Amino acid sequence: MSDKKPIIPPNGEGISNGTRRDFIKQTTVLTAVAMAPGTVVKAASDHIDEQIAAVFEKMPLKMEVNGKLQNLSVEPRSTLLDILREQLDLTGTKKGCDHGQCGACTVHVDGHRVNSCLTLGVMVNGKKITTIEGLAKGDELHPMQEAFLKHDGFQCGYCTPGQIMSAVACIREGHANSEGEIREYMSGNICRCGAYPNIVNAIQEVKAGGQTV
Amino acid sequence: MKQFQYIRPASQAAVLDAIAKSGSKIIAGGTNLVDLMKKGVMSPDKLVDINSLPLNTINTSPKGLHIGALVLNSVLSENSLVLDKHPLLSMALKAGASPQLRNMATVGGNMMQRTRCAYFYDTTMPCNKRTPGTGCGAMGGYNRMHAIFGSSPQCIAVHPSDMCVALAALGATVTIAGKKGERHIPFTEFHRLPGEHPEMDNHLATGEMILGVDIPDNNFAKNSYYLKVRDRQSYAFALVSVAAALDLRGGVIKEARLAMGGVAHKPWRLFDAEKFLAGKAPTEENFNKAAQLAMQSAKAYEYNAFKLKLAPATIAEALKHAGGLA
């Protein structure tokens, strides 16, 4: 995991939030000045800027990411994918299509695989997130990571974090009992390099090994 | 994505208060809504997250099997009551979307996903569903995926759900809550045809929410099948899909249920074919006749005429699987 500090301070207050509020206040007042007679500007702008600030305000988000509690402040429209990558510097999770069609952004939420690109951060408040960075134990790779290396389960590697997160879930769910079942239950992860046969081999080996994944 | 306010009410009453205005949208799994918001196709002022409501149970009731609106598609597809009583529903669910999306998508959300096509998603193109009165890009465009039943000059998009096709076939009932109380409507009457108002996909009014669905007990469990034909083997919308269920007794079809996906603005029940099959023997000949009957009102556009052959072939094949002939 990266040692970089989150851009947003952990307590959710501070420079970033304050700047945003001030910006909204200023622009609201400017708009109000342009549009209304002077006598009503003050009262109206005070009222409006509170309303606008309430709509655009960042919200607190507490979640456990790879075993570490994170206290963040996020916009409601921020996806889990963008929060992981931009605020927590966990760039292992990849943005592919950004529309739930490719699976590159796959992470586990409370143990279940989901597309983080279609998950609003505010909706995973209180949940446990596992990303590709959370699979290895220190320098010891997860069995699925080892198997992908051994079987050459990738070429460019861009889809690989999502493939591995999905592959681990596929075994945990009990859907890795045959090549056909693996292919069906890995269909949410696209590999443009076409490493599919090797990915299936990797999953079959881990499944056959019987290790706890 | 346009900015919006997000709230997560703790009670159904608070949700109903929050969705009273048309700019508010309920969010559950968000798999379709967030996607559409990213594209700028939908831009609600307020998202009302209903995940704090106790709507995620599956249980037997006097009405049959009750399924809460927040039950996840993945959970429902593996539920032992569903596998035992309504395996057709499980088959349809597993044919839909991807494992990741099924882990997010809810029953209510699956019903509320937009009837849509590529022109609906492309904000540079005309679309009566996205912006009423702008025209239909698909009508004279690339309409390979589009409807062959029940379309209007306003819209020829199809509802992409698999789950809904099974629920239509199984004769489910939808429970809806509003400020005036609850109401129940047949699943087949939940979604609507485009007519003059393609902007409306269903009959849920502003201020209403889905609480769940009920599937009545039936004798279809042993003889039902969901067949989905698509461009690739998995994770693609249906070109044509068929839910077939037969109540077979003593070598005779006592009752048949048939519904199709990928062919209309809503899950398309084949009532004429069902009537024809009642009292008949489960033979290939009868299945083929039923399939032809089902196609009587079909109408193709420039690029989807292949569905006029694919649809009856898929109906007959699904019936053969359901009837134990395949």
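Things to note:
- Candidates B:243, B:290, B:294, B:298, filtered to the one that is closer than 20 Å to residue B:190 by Cβ, open to solvent by less than 40 Å² (accessible area, probe 1.4 Å) and of a type outside the set (S, T, N, Q): B:243
- At least 2 residues being open to solvent by less than 10 Å² (accessible area, probe 1.4 Å) and more than 21 Å from residue A:111 (Cα to Cα) is the threshold, and among the helices (runs of 4 or more DSSP H) wholly inside segment B:44-101 those reaching it are B:87-95.
- Applying the criterion of being in a helix (DSSP H, G or I) and acidic (Asp, Glu) to the residues of segment B:231-280, the residue that is farthest from the other protein chains (Cβ to nearest Cβ) is B:272.
- Here is the figure for segment A:165-188: residues that are touching a residue at least 12 places away in the same chain (Cβ under 8 Å) and either open to solvent by 10 Å² or more (accessible area, probe 1.4 Å) or at the interface with chain B (Cβ under 8 Å from one of its Cβ atoms) (or both) total 12.
- Failed condition for residue B:133, given (1) farther than 30 Å from residue A:108 by Cβ; (2) buried (at least 20 other Cβ atoms within 10 Å of the Cβ); (3) not charged (D, E, K, R): (2)
- Verdict on residue B:85 being under 17 Å from residue A:76 (Cα atoms) and of a type in the set (Lys, Arg): no
- Evaluation of residue B:125 against (1) open to solvent by less than 30 Å² (accessible area, probe 1.4 Å); (2) away from chain A (no Cβ under 14 Å); (3) assigned to a loop (DSSP other than H, G, I, E, B) (one fails), failing number: (1)
- Test: residue B:29 is closer than 25 Å to residue B:177 by Cα, modelled with pLDDT of 95 or more and open to solvent by less than 30 Å² (accessible area, probe 1.4 Å): yes
- Condition met for residue A:78 (small (Gly, Ala, Ser) and either open to solvent by 10 Å² or more (accessible area, probe 1.4 Å) or more than 10 Å from chain B (Cβ to nearest Cβ) (or both)): yes
- Test result for residue A:192, more than 28 Å from residue B:77 (Cα to Cα) and out of contact with any helix residue (DSSP H, G or I) (no Cβ under 9 Å at 6 or more places or on another chain): yes
- Which listed residue, of B:165, B:158, is among the aliphatic types (A, V, I, L, M), in contact with a Pro (Cβ under 6 Å, 6 or more places away or on another chain) and modelled with pLDDT of 95 or more: B:165
- Residue B:17, sole failed condition from (1) more than 11 Å from chain A (Cβ to nearest Cβ); (2) outside any loop (DSSP other than H, G, I, E, B); (3) within 23 Å of the chain's Cα centre (by Cα): (3)
- Enumeration of residues in segment B:33-57 that are in contact with a helix residue (DSSP H, G or I) (Cβ under 7 Å, 6 or more places away or on another chain) and over 20 Å from residue B:14 (Cα atoms): B:34, B:35, B:39, B:41, B:42, B:43
- Within segment A:184-210, being closer than 16 Å to residue A:159 by Cα and touching a Ser or Thr at 6+ places or on another chain (Cβ under 7 Å) holds for A:186, A:187, A:188, A:189.
- Selection count where residues are open to solvent by less than 40 Å² (accessible area, probe 1.4 Å) and of a type in the set (Lys, Arg), scope segment A:86-128: 1
The values are calculated or read from the model by the stated rules, or taken from the named source; none is laboratory data. On a predicted model such as this, the values are computed, not experimentally measured, just so you know. Note that each Cβ is placed from the backbone with ideal geometry, even for glycine, and that neighbours are counted across all protein chains shown. Just the protein is used for accessible areas: all its heavy atoms, side chains included, with ligands, DNA and RNA removed. Shrake-Rupley method; radii C 1.70, N 1.55, O 1.52, S 1.80 Å.
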